[in-house]
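This report refers to the structure that appears directly beneath it.
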Amino acid sequence: MEVLLIILGIALIGLVILDFVWTTLWVQGGAGPITSKLTSSIWTLFRKGSRSNKTVLSLAGPMLLVTTVMSWILLFLAGWFCLITSNPDILSNSQHKGNAGIIDRIYYVGYTFFTLGSGNWTPSGDIWKVIAIIITASGMISITFAVTYLINVVSAVSSKRSFAQDVLSIGQTGTEILLTAWNGNDLHHLDKPLSIISSNLSTLSTQYNAYPILHYYFNKDSSKSAALAIAALDDALQVMEHHLPKETLPNPVIVKQTRSSILTFLDTLDLISVSDKTEEAPAPDLTDLREKGLPVQQAQGKQQQSDHRKKLLSLVHLNAREWPT
(Lines give C-alpha, C1' and ligand atoms only; values in the text may rest on other atoms or scores of the structure.)
Protein backbone atom coordinates (compact mmCIF):
# COMPACT_ATOMS: atom_id res chain seq x y z
CA MET A 1 0.00 0.00 0.00
CA GLU A 2 2.86 2.37 0.86
CA VAL A 3 4.53 1.80 -2.50
CA LEU A 4 1.26 2.22 -4.40
CA LEU A 5 0.55 5.55 -2.70
CA ILE A 6 4.06 6.79 -3.49
CA ILE A 7 3.72 5.77 -7.15
CA LEU A 8 0.25 7.33 -7.38
CA GLY A 9 1.45 10.53 -5.71
CA ILE A 10 4.47 10.89 -8.01
CA ALA A 11 2.30 10.13 -11.06
CA LEU A 12 -0.28 12.78 -10.13
CA ILE A 13 2.36 15.41 -9.41
CA GLY A 14 4.24 14.62 -12.62
CA LEU A 15 1.03 14.77 -14.66
CA VAL A 16 -0.10 18.10 -13.25
CA ILE A 17 3.36 19.63 -13.67
CA LEU A 18 3.35 18.53 -17.32
CA ASP A 19 -0.10 19.99 -17.95
CA PHE A 20 0.61 23.14 -15.94
CA VAL A 21 3.90 23.95 -17.70
CA TRP A 22 2.46 22.99 -21.10
CA THR A 23 -0.55 25.30 -20.68
CA THR A 24 1.02 28.31 -18.98
CA LEU A 25 4.58 28.45 -20.33
CA TRP A 26 4.63 26.74 -23.74
CA VAL A 27 3.24 29.57 -25.87
CA GLN A 28 3.01 27.59 -29.12
CA GLY A 29 1.86 24.37 -27.47
CA GLY A 30 -1.71 25.32 -26.73
CA ALA A 31 -3.33 23.64 -23.73
CA GLY A 32 -1.93 20.61 -21.93
CA PRO A 33 -3.57 17.16 -22.24
CA ILE A 34 -5.67 17.52 -19.09
CA THR A 35 -6.70 21.12 -19.72
CA SER A 36 -7.51 20.46 -23.38
CA LYS A 37 -9.74 17.47 -22.63
CA LEU A 38 -11.37 19.16 -19.65
CA THR A 39 -12.23 22.41 -21.45
CA SER A 40 -13.57 20.76 -24.62
CA SER A 41 -15.70 18.33 -22.58
CA ILE A 42 -17.20 21.04 -20.38
CA TRP A 43 -17.87 23.29 -23.39
CA THR A 44 -19.69 20.40 -25.10
CA LEU A 45 -21.84 19.95 -21.98
CA PHE A 46 -22.61 23.67 -21.94
CA ARG A 47 -23.58 23.57 -25.62
CA LYS A 48 -25.92 20.60 -25.11
CA GLY A 49 -27.34 21.74 -21.78
CA SER A 50 -27.83 25.41 -22.57
CA ARG A 51 -30.26 24.81 -25.50
CA SER A 52 -28.62 27.83 -27.18
CA ASN A 53 -29.33 30.07 -24.19
CA LYS A 54 -26.86 32.92 -24.67
CA THR A 55 -26.64 33.79 -21.00
CA VAL A 56 -25.70 30.22 -20.08
CA LEU A 57 -23.13 30.02 -22.88
CA SER A 58 -21.57 33.32 -21.79
CA LEU A 59 -20.82 31.73 -18.41
CA ALA A 60 -18.89 28.86 -19.99
CA GLY A 61 -15.62 30.75 -20.51
CA PRO A 62 -15.24 32.03 -16.93
CA MET A 63 -16.36 28.65 -15.60
CA LEU A 64 -13.77 26.83 -17.73
CA LEU A 65 -11.03 29.21 -16.61
CA VAL A 66 -11.81 28.72 -12.92
CA THR A 67 -12.19 24.95 -13.38
CA THR A 68 -8.81 24.73 -15.12
CA VAL A 69 -7.00 26.51 -12.29
CA MET A 70 -8.86 24.53 -9.62
CA SER A 71 -8.00 21.24 -11.36
CA TRP A 72 -4.29 22.09 -11.16
CA ILE A 73 -4.52 22.93 -7.46
CA LEU A 74 -6.58 19.84 -6.62
CA LEU A 75 -4.23 17.52 -8.54
CA PHE A 76 -1.22 19.01 -6.76
CA LEU A 77 -2.93 18.56 -3.39
CA ALA A 78 -4.00 15.00 -4.25
CA GLY A 79 -0.47 14.05 -5.29
CA TRP A 80 1.15 15.46 -2.17
CA PHE A 81 -1.57 13.91 0.00
CA CYS A 82 -0.80 10.46 -1.43
CA LEU A 83 2.88 10.88 -0.58
CA ILE A 84 2.19 12.15 2.94
CA THR A 85 -0.29 9.31 3.53
CA SER A 86 2.13 6.63 2.34
CA ASN A 87 3.79 6.37 5.76
CA PRO A 88 1.83 6.62 9.05
CA ASP A 89 4.88 7.98 10.92
CA ILE A 90 5.65 10.91 8.61
CA LEU A 91 3.96 13.57 10.78
CA SER A 92 4.35 14.21 14.49
CA ASN A 93 2.71 16.60 16.94
CA SER A 94 4.03 17.39 20.42
CA GLN A 95 0.50 18.10 21.63
CA HIS A 96 -1.05 15.02 20.09
CA LYS A 97 -0.05 11.43 20.73
CA GLY A 98 -0.41 8.87 18.01
CA ASN A 99 -0.31 9.11 14.23
CA ALA A 100 -1.93 11.84 12.19
CA GLY A 101 -5.37 10.98 10.85
CA ILE A 102 -6.70 11.57 7.34
CA ILE A 103 -8.08 15.02 8.21
CA ASP A 104 -4.78 15.93 9.88
CA ARG A 105 -2.86 15.00 6.73
CA ILE A 106 -5.26 16.96 4.49
CA TYR A 107 -4.81 19.91 6.84
CA TYR A 108 -1.02 19.60 6.75
CA VAL A 109 -0.81 19.33 2.94
CA GLY A 110 -3.19 22.26 2.40
CA TYR A 111 -1.53 24.44 5.03
CA THR A 112 1.94 23.76 3.60
CA PHE A 113 0.91 24.05 -0.08
CA PHE A 114 -0.70 27.45 0.43
CA THR A 115 2.53 28.63 2.14
CA LEU A 116 0.91 29.14 5.53
CA GLY A 117 3.51 27.02 7.35
CA SER A 118 3.03 23.49 8.63
CA GLY A 119 0.45 24.07 11.32
CA ASN A 120 0.75 21.94 14.48
CA TRP A 121 2.26 19.03 12.58
CA THR A 122 5.94 18.67 11.70
CA PRO A 123 7.55 16.16 9.32
CA SER A 124 9.69 13.42 10.81
CA GLY A 125 12.97 12.67 9.08
CA ASP A 126 15.20 14.72 6.78
CA ILE A 127 13.62 13.47 3.56
CA TRP A 128 10.13 14.56 4.57
CA LYS A 129 11.43 17.94 5.73
CA VAL A 130 12.85 18.46 2.25
CA ILE A 131 9.54 17.33 0.73
CA ALA A 132 7.74 19.87 2.92
CA ILE A 133 9.91 22.59 1.37
CA ILE A 134 9.10 21.26 -2.11
CA ILE A 135 5.38 21.28 -1.31
CA THR A 136 5.60 24.93 -0.26
CA ALA A 137 7.63 25.82 -3.37
CA SER A 138 5.16 24.05 -5.67
CA GLY A 139 2.28 25.92 -4.06
CA MET A 140 3.97 29.29 -4.33
CA ILE A 141 5.02 28.78 -7.97
CA SER A 142 1.76 27.24 -9.17
CA ILE A 143 -0.45 29.87 -7.54
CA THR A 144 1.71 32.70 -8.90
CA PHE A 145 1.64 31.32 -12.45
CA ALA A 146 -2.06 30.46 -12.20
CA VAL A 147 -2.92 34.05 -11.25
CA THR A 148 -0.74 35.32 -14.12
CA TYR A 149 -2.53 32.92 -16.47
CA LEU A 150 -5.92 34.20 -15.29
CA ILE A 151 -4.92 37.82 -15.85
CA ASN A 152 -3.52 37.11 -19.33
CA VAL A 153 -6.63 35.22 -20.43
CA VAL A 154 -8.97 37.96 -19.21
CA SER A 155 -6.83 40.55 -21.00
CA ALA A 156 -6.94 38.49 -24.21
CA VAL A 157 -10.74 38.24 -23.95
CA SER A 158 -10.89 42.04 -23.95
CA SER A 159 -8.64 42.14 -27.05
CA LYS A 160 -10.92 39.59 -28.71
CA ARG A 161 -14.00 41.73 -28.15
CA SER A 162 -12.21 44.87 -29.28
CA PHE A 163 -11.15 43.20 -32.53
CA ALA A 164 -14.71 42.04 -33.22
CA GLN A 165 -16.07 45.54 -32.68
CA ASP A 166 -13.44 47.04 -35.01
CA VAL A 167 -14.54 44.75 -37.84
CA LEU A 168 -18.29 44.56 -37.28
CA SER A 169 -18.63 48.32 -36.77
CA ILE A 170 -17.79 48.61 -40.49
CA GLY A 171 -20.31 45.93 -41.46
CA GLN A 172 -22.01 42.86 -40.00
CA THR A 173 -21.38 40.88 -43.21
CA GLY A 174 -18.83 40.89 -46.00
CA THR A 175 -21.32 42.67 -48.25
CA GLU A 176 -21.93 45.42 -45.68
CA ILE A 177 -18.19 45.94 -45.22
CA LEU A 178 -17.72 46.46 -48.97
CA LEU A 179 -20.76 48.71 -49.31
CA THR A 180 -19.61 50.87 -46.40
CA ALA A 181 -16.14 51.30 -47.91
CA TRP A 182 -17.25 51.85 -51.53
CA ASN A 183 -16.77 55.51 -52.52
CA GLY A 184 -18.25 55.15 -55.98
CA ASN A 185 -14.94 54.32 -57.63
CA ASP A 186 -12.90 52.01 -55.40
CA LEU A 187 -12.40 50.53 -51.91
CA HIS A 188 -9.37 52.57 -50.83
CA HIS A 189 -11.24 53.71 -47.74
CA LEU A 190 -10.39 50.22 -46.41
CA ASP A 191 -6.61 50.76 -46.58
CA LYS A 192 -6.17 52.02 -43.03
CA PRO A 193 -8.89 49.91 -41.34
CA LEU A 194 -7.60 46.70 -42.96
CA SER A 195 -4.04 47.49 -41.87
CA ILE A 196 -5.15 47.90 -38.25
CA ILE A 197 -7.47 44.88 -38.37
CA SER A 198 -4.73 42.67 -39.86
CA SER A 199 -2.27 43.68 -37.14
CA ASN A 200 -4.82 43.10 -34.38
CA LEU A 201 -5.80 39.71 -35.81
CA SER A 202 -2.14 38.62 -35.87
CA THR A 203 -1.87 39.56 -32.20
CA LEU A 204 -5.10 37.71 -31.48
CA SER A 205 -3.74 34.59 -33.23
CA THR A 206 -0.72 34.63 -30.92
CA GLN A 207 -3.02 34.89 -27.90
CA TYR A 208 -5.22 32.03 -29.12
CA ASN A 209 -2.11 29.88 -29.62
CA ALA A 210 -1.07 30.56 -26.05
CA TYR A 211 -4.59 30.34 -24.57
CA PRO A 212 -6.90 28.04 -26.62
CA ILE A 213 -9.51 28.50 -23.89
CA LEU A 214 -10.35 31.78 -25.67
CA HIS A 215 -12.29 29.74 -28.23
CA TYR A 216 -14.82 28.94 -25.50
CA TYR A 217 -15.51 32.53 -24.46
CA PHE A 218 -18.96 33.29 -25.83
CA ASN A 219 -20.35 36.82 -26.03
CA LYS A 220 -24.10 37.34 -25.93
CA ASP A 221 -23.75 40.35 -28.21
CA SER A 222 -23.12 39.19 -31.77
CA SER A 223 -21.45 42.52 -32.54
CA LYS A 224 -18.63 41.45 -30.20
CA SER A 225 -18.18 37.94 -31.64
CA ALA A 226 -14.67 37.44 -33.06
CA ALA A 227 -15.84 34.38 -35.04
CA LEU A 228 -18.50 36.40 -36.87
CA ALA A 229 -16.03 39.22 -37.45
CA ILE A 230 -13.51 36.89 -39.09
CA ALA A 231 -16.24 35.27 -41.19
CA ALA A 232 -17.48 38.65 -42.44
CA LEU A 233 -13.92 39.79 -43.11
CA ASP A 234 -13.17 36.66 -45.11
CA ASP A 235 -16.33 37.09 -47.19
CA ALA A 236 -15.22 40.63 -48.04
CA LEU A 237 -11.77 39.37 -49.03
CA GLN A 238 -13.29 36.61 -51.17
CA VAL A 239 -15.20 39.19 -53.18
CA MET A 240 -12.20 41.50 -53.48
CA GLU A 241 -9.86 38.71 -54.57
CA HIS A 242 -12.14 37.01 -57.08
CA HIS A 243 -14.97 39.32 -58.16
CA LEU A 244 -13.72 42.90 -58.34
CA PRO A 245 -11.26 44.60 -60.73
CA LYS A 246 -7.77 45.09 -59.30
CA GLU A 247 -7.88 48.87 -59.75
CA THR A 248 -10.83 49.12 -57.34
CA LEU A 249 -9.15 47.18 -54.51
CA PRO A 250 -7.36 48.49 -51.41
CA ASN A 251 -3.57 48.35 -51.22
CA PRO A 252 -2.70 44.78 -52.39
CA VAL A 253 -0.03 44.41 -49.71
CA ILE A 254 -2.59 45.11 -47.00
CA VAL A 255 -5.09 42.71 -48.57
CA LYS A 256 -2.44 39.98 -48.66
CA GLN A 257 -1.50 40.64 -45.02
CA THR A 258 -5.14 40.39 -43.99
CA ARG A 259 -5.58 37.09 -45.85
CA SER A 260 -2.44 35.71 -44.18
CA SER A 261 -3.69 36.84 -40.76
CA ILE A 262 -6.98 34.99 -41.25
CA LEU A 263 -5.26 31.77 -42.32
CA THR A 264 -2.88 32.00 -39.36
CA PHE A 265 -5.79 32.45 -36.98
CA LEU A 266 -7.61 29.42 -38.41
CA ASP A 267 -4.56 27.31 -37.58
CA THR A 268 -5.41 27.81 -33.89
CA LEU A 269 -8.39 25.49 -34.42
CA ASP A 270 -5.89 22.62 -34.69
CA LEU A 271 -5.16 23.08 -30.97
CA ILE A 272 -8.70 22.14 -29.91
CA SER A 273 -11.29 19.50 -30.73
CA VAL A 274 -13.47 20.65 -33.64
CA SER A 275 -15.81 17.99 -34.96
CA ASP A 276 -17.47 19.50 -38.06
CA LYS A 277 -14.88 20.37 -40.71
CA THR A 278 -16.63 18.83 -43.71
CA GLU A 279 -19.12 21.52 -44.72
CA GLU A 280 -17.89 24.58 -46.58
CA ALA A 281 -19.06 28.09 -45.74
CA PRO A 282 -21.61 29.57 -48.17
CA ALA A 283 -20.29 31.77 -50.97
CA PRO A 284 -20.72 35.54 -50.58
CA ASP A 285 -23.97 36.92 -52.02
CA LEU A 286 -23.14 39.36 -54.84
CA THR A 287 -26.70 40.56 -55.54
CA ASP A 288 -26.66 43.63 -53.27
CA LEU A 289 -23.22 44.61 -54.52
CA ARG A 290 -24.41 44.60 -58.14
CA GLU A 291 -27.51 46.60 -57.24
CA LYS A 292 -25.40 49.24 -55.49
CA GLY A 293 -23.20 49.70 -58.54
CA LEU A 294 -20.04 47.79 -57.62
CA PRO A 295 -18.35 46.37 -60.75
CA VAL A 296 -18.80 42.74 -59.69
CA GLN A 297 -17.40 40.23 -62.19
CA GLN A 298 -17.32 36.50 -62.62
CA ALA A 299 -14.70 34.78 -60.47
CA GLN A 300 -11.24 35.97 -61.40
CA GLY A 301 -8.26 33.65 -60.98
CA LYS A 302 -8.01 30.57 -58.79
CA GLN A 303 -10.58 30.34 -56.00
CA GLN A 304 -9.25 30.10 -52.46
CA GLN A 305 -9.00 26.47 -51.40
CA SER A 306 -12.14 25.20 -49.70
CA ASP A 307 -10.31 23.89 -46.61
CA HIS A 308 -10.02 27.31 -45.06
CA ARG A 309 -13.73 27.99 -45.68
CA LYS A 310 -14.57 24.71 -43.96
CA LYS A 311 -12.47 25.80 -41.00
CA LEU A 312 -14.23 29.15 -40.97
CA LEU A 313 -17.65 27.53 -40.78
CA SER A 314 -16.37 25.24 -38.00
CA LEU A 315 -15.16 28.30 -36.12
CA VAL A 316 -18.58 29.94 -36.41
CA HIS A 317 -20.38 26.76 -35.30
CA LEU A 318 -17.93 26.24 -32.43
CA ASN A 319 -18.99 29.65 -31.17
CA ALA A 320 -22.67 28.62 -31.35
CA ARG A 321 -23.35 31.03 -34.22
CA GLU A 322 -24.72 30.89 -37.75
CA TRP A 323 -22.86 32.21 -40.78
CA PRO A 324 -23.39 35.99 -41.18
CA THR A 325 -25.60 36.71 -44.19
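The values are calculated or read from the model by the stated rules, or taken from the named source; none is laboratory data. Given the structure is predicted, the values throughout are model-derived calculations rather than measurements. Cβ placement follows ideal geometry from the backbone for every residue including glycine, while neighbour counts extend to all protein chains displayed. Please note that ligands, DNA and RNA were not included when accessible areas were found on the heavy atoms of the full protein model with its side chains. Shrake-Rupley method; radii C 1.70, N 1.55, O 1.52, S 1.80 Å.
Computed values, structure above
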| quantity | calculated |
| --- | --- |
| Sequence of R51, R321, R290 when ordered by accessible area, the most exposed leading, probe 1.4 angstrom | R51, R290, R321 |
| Filter on K54/K246; K48/K310; K48/K256; K192/K220; K37/K310; K192/K292 - keep pairs with C-alpha separation over 31 Å | K54/K246; K48/K256 |
| Rounded FRET efficiency, nearest 0.05, which uses the C-beta distance separating T325 from A11 and R0 of 41 Å | 0.20 |
| Heavy atoms of M63 accessible to a 1.4 Å probe, total area in Å² rounded to 10 | 100 Å² |
| Computed E for S195/M140 - FRET, C-beta separation, R0 45 angstrom, nearest 0.05 | 0.55 |
| Accessible surface of V147 - all protein chains present, 1.4 Å probe, nearest 10 Å² | 70 Å² |
| Structure-based [θ]222 nm, the chain - -39500 (n - 2.57) summed over DSSP H runs of at least 4, per residue, nearest 500 | -21000 deg cm²/dmol |
| Percent of alpha-carbon pairs separated by more than 22 Å within region 1-132 | 50 percent |
| Separation in nanometres of the label points that stand 7 Å from Cα toward Cβ, at D126 and S52 | 6.8 nm |
| Solvent-accessible ranking of L249, L214, largest area first, probe 1.4 Å | L249, L214 |
| Degrees between helix 102-113 axis and first principal axis of the chain (Cα, 0 to 90, nearest 10) | 60 degrees |
| Options [x] 29, 50, 20, 1; [y] 33, 57, 10, 0; [z] 28, 41, 21, 9, 1 - which one matches P(r) over Cα pairs in 20 Å bins from 0, in percent as calculated here | [z] |
| Computed lengthening from T248 to D221, 0.36 nm per intervening residue step minus Cα-Cα distance | 6.4 nm |
| Extended-chain gain in nm, criterion 0.36 nm per residue less alpha-carbon gap, L116 and D89 | 7.5 nm |
